[in-house]
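Below is one structure, written out as structure tokens; comments come after it.
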Amino acid sequence: MAEPTSPQTIHVRSAVRVLAVWKRFRRVYFKYLLANIMPPILEPLFFILGLGVGLSAYLGLVDGVDYAVFLAPGMMAISPMWSASFEATYGTYLRMEFEHIYDAILASPVSFGEMLLGEVLWSSTKAAAFSLVVVGVTSAFGLVHSWWVLMVPFVGFITGTIYALMGIIVTSKVREISNFNFYITGVLTPQFYFCGAVFPLEQLPPLLRSICYVMPLTHVVELMRSFCQADFHEGLLLNAAVCLLWVAVLWPLAHRLLKKRIVI
Amino acid sequence: MNSKQEVVVARGLTKSFGNVKAVDGIDFEVREGECFGILGPNGAGKTSTMRMLYDFSPRDGGELKVFGMDPARLGNQVRQLLGVVQQQDNLDQELTVRENLEVYAGYYGIDFHGLGGRLDELLEFMELEGRGGSQIRELSGGMQRRLTILRALVHNPRMVILDEPSTGLDPQARHQIWAVLRKLMSGGVTVVLTTHYMDEAERLCDRLVIMDKGHILHEGAPRELIARHLKRLVLEADLRDLQESWTTCGLEYESYGDRVFFNAESEDAFSVVPYRENVVMGVLRPAGLEDVFLKLTGRRLEDG
């Protein structure tokens, strides 16, 4: 009874299913659009006003530019990191433990790999959009001066991929929702402060700086800053390579651990 | 394998969790168009068996063919032909009734935009007409279950598998679910369901297996199973209403807790039951699957 299906058709059908999962997330997000778009717009705005404008006057030049200009690309890196992280920790946990959304999806033709891809693609899309919103907000304050800034959403996208995968790995091990504090405060907040987003890495003691060079956010910030200031150097290839390496390492791990948690 | 008739064939199907064999080498087959029941207490291995059918859980041993395909290899294609209703309610709480159906249809590759008519038809089929715009939390438990079943039907599956479809529902809601399943069956859809309610199994199933501790104890049509193991009538009496000599009154019996179940072919035979003084007789009823289960395992179904 099994109809012979060509490999091409199989790939098309698989892509349609991945897209269907992505659309599910988009649909839920747009349903509460007003509440959902407040943080990505207002947070960078407050950041610019609170830190950029407020502190700039006292700081003089940071890394050769006005502090608000220095801060702008940092925010473009941070916003997608938080967005993807919350989606993949609290969001994934609620879908898994309370709403049983994944069980329902896996009862349809969607496979586990397709479901994971759809979810991570959505987190990445949202992260890209968030970084673009930061571009808009900072541009309005005259903090970006290069058309290269249009590359920011692509970096935002891969930032979303990395932190979505990382969050999923954490979620697959978390039994109690309060345990996310260890990850959020212990792993993400230090990246926010120390990975070059809010002050130059050179200020850090050597050991801490070495640790930061392993963290993905450091490399994301470097890329964002280069595109914002149209300042390109060979080191950027290394930054991009590290980001891709993180994705390559995290993906199979996220797949295996979340599958083990959901499928019994 | 006769693929025209048997849509599921399981041979030596096994599922282990650590050292525990949840499903221990069972054989069964499901025929096209029938309602096949897996009856058993909690922990019998019913859900594990179901999950292997649609490749939610990988199996640890044995052979399994669903519509001629191995679910472990061609899960996508198998699930495309199945409608699956899981035990836990798992509707998308953030979406409305209509949106739930549209999103789920997307997983089957169906574009539901612009197919409003078909959707209304389905809602009507499930007695949910006019509810398309409702939030899930506004629906009663019975309505949510009907919507979950409906969601599994958006792609016109050839076989629907339901894990305890009426557990936790009030009697009226259960009857509505049964009515829906009968409508499905009259449309030629194969139905596989698990239950620990013997009345549900007796009402719906053409054929069933009784499972306990990972094994299939018996297989057959409900009436056939009852006829094979029991006489026609059961008299259910309270132990405290009987004289000490009840064990030797000559009737076949099973006892469980403070209940005694006498079994005989005719009403007259129960006249030998030795009641205490001033006691009216116990409850007389036809023998059912529950009695079969009690006889086979010494336990009642719902106790697990």
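What follows draws every value from the coordinates through simple rules; no lab data is involved. Given the structure is predicted, the values throughout are model-derived calculations rather than measurements. All Cβ positions, glycine included, derive from the backbone under ideal geometry; neighbour counts span all protein chains shown.
Quick notes
- Relative to the longest principal axis of the Cα atoms of chain B, the long axis of helix B:171-186 makes an angle of roughly 60 degrees.
- Rounded if a/c under 1.5, otherwise prolate or oblate - the stretch A:132-264, Cα gyration tensor axes: prolate
- Membrane-span-like helices in chain A (whole DSSP H runs, Cα extent of at least 27 Å along the helix axis, mean Kyte-Doolittle hydropathy of at least 1.0): A:67-86, A:112-140, A:152-173, A:235-262.
- Contact order relative to length of the stretch B:63-170, as percent, for alpha carbon pairs under 8 angstrom and 6 or more apart: 41
- Positive-end residue of B:Gly133, B:Phe112, B:Ala221, charge dipole of the stretch B:94-247 with Cβ unit charges: B:Ala221
- Cut-off 15 Å (backbone N to label point 7 Å along Cα→Cβ of A:Ala240), residues of the stretch A:123-162: A:148-159
- The DSSP beta bridges internal to the protein assembly as shown are antiparallel in roughly 70% of cases.
- Straight Cα distances below 19 angstrom link B:Lys213 to the aspartates and glutamates B:Asp24, B:Asp27, B:Asp60, B:Asp163, B:Glu164, B:Glu290, B:Asp291, B:Glu302, B:Asp303, with same-chain residues fewer than 8 positions distant left out.
- Rough spin-label spacing in nm, given labels placed 7 Å along Cα→Cβ, for B:Thr248 and B:Asp60: 4.9
- For B:Glu6, the residues whose amide H sits under 5 Å from its own are B:Glu32, ignoring neighbours fewer than 5 places away on the same chain, with H placed 1.01 Å from N.
- Summary of packing: across the peptides A:29-36, A:174-181, the per-residue average of other C-beta atoms within 10 Å ranks them, highest first, as A:174-181, A:29-36.
- Residue with peak Gaussian network fluctuation, chain B [Cα springs, cutoff 10 Å], from B:Arg146, B:Arg223, B:Arg59: B:Arg223
- Think of the stretch A:125-264 as having a plus end and a minus end, set by charges on the Cβ of Lys, Arg, Asp and Glu; of A:Phe141, A:Val170, A:Ile158, A:Val170 sits farthest toward the positive end of this dipole.
- Taking the Cα centre of the stretch A:1-143 as reference, the dipole from Cβ charges on Lys and Arg (+1) and Asp and Glu (-1) amounts to some 460 debye.
- Cα gyration tensor category, rounded, prolate or oblate, for the protein assembly as shown with a/c compared to 1.5: prolate
- Taking every C-alpha pair closer than 8 Å and separated by at least 6 residues, the mean separation divided by the residue count of chain B gives a relative contact order of 21 percent.
- Karplus-derived 3J(HN,Hα) values for the stretch B:200-211, using 6.51 cos²θ - 1.76 cosθ + 1.60 with θ = phi - 60°, are 4, 5, 5, 6, 9, 7, 6, 9, 8, 10, 9, 10 Hz; glycine and proline are entered as x.
- Counting neighbouring Cβ atoms within 10 Å and putting the fewest first, the residues A:Ser123, B:Ser140 line up as B:Ser140, A:Ser123.
- Theoretical ellipticity at 222 nm over chain B - DSSP helices of four or more residues, -39500 (n - 2.57) apiece, nearest 500: -8500 deg cm²/dmol
- Relative contact order %, chain A, counting alpha carbon pairs below 8 Å whose residues are six or more apart: 24
- Coil-residue chymotrypsin sites (Phe, Trp or Tyr not before Pro) of the stretch B:43-129, DSSP, other Cβ within 10 Å capped at 14: none
- Residues B:Tyr256, A:Tyr183, A:Tyr58, arranged from fewest to most other Cβ atoms within 10 angstrom of their Cβ, appear as A:Tyr58, B:Tyr256, A:Tyr183.
- Anisotropy class of the stretch B:136-205 from Cα gyration tensor, a/c 1.5 cut: oblate
- Model label sites at B:Asp268 and A:Phe98, defined 7 Å from Cα along the beta-carbon direction, differ in position by 6.6 nm.
- The simple Förster model, with R0 at 25 Å and r as the Cβ-Cβ distance, assigns B:Glu129 and B:His175 a FRET efficiency of 0.85.
- A:Ser108, A:Ser85 arranged by Cβ crowding within 10 Å, fewest neighbours leading: A:Ser85, A:Ser108
- Only lysines eight or more places from A:Lys260 in sequence, or on another chain, were considered; those with a Cα closer than 20 Å are A:Lys173, B:Lys15, B:Lys21.
- Lys, Arg +1 and Asp, Glu -1 on Cβ, resulting dipole of the protein assembly as shown about Cα centre, debye, nearest 20: 1080
- Mean partner shielding of peptide B:66-77, defined as the number of other chain Cβ atoms within 10 Å of each residue Cβ, is 3.
- Full-extension gain in nm, B:Arg73 to B:Asp258, via 0.36 nm per residue minus C-alpha separation: 61.6 nm
- Selected from A:Trp251, A:Trp122, A:Trp147 as most flexible by GNM, with chain A as the system and alpha-carbon contacts under 10 Å: A:Trp147
- Other protein chain Cβ atoms within 10 Å, averaged over every residue that makes up B:107-113: 5
- Among A:Phe86, A:Phe47, A:Phe182, residue whose mean-square fluctuation peaks in a GNM of chain A (springs only between Cα atoms under 10 Å): A:Phe182
- Shielding by partners for peptide B:91-99, expressed as the average number of C-beta atoms from other protein chains within 10 Å of each residue's C-beta, is 4.
- Calculated FRET efficiency for the pair A:Thr9/B:Asn42, C-beta based, R₀ 35 Å, to 0.05: 0.25
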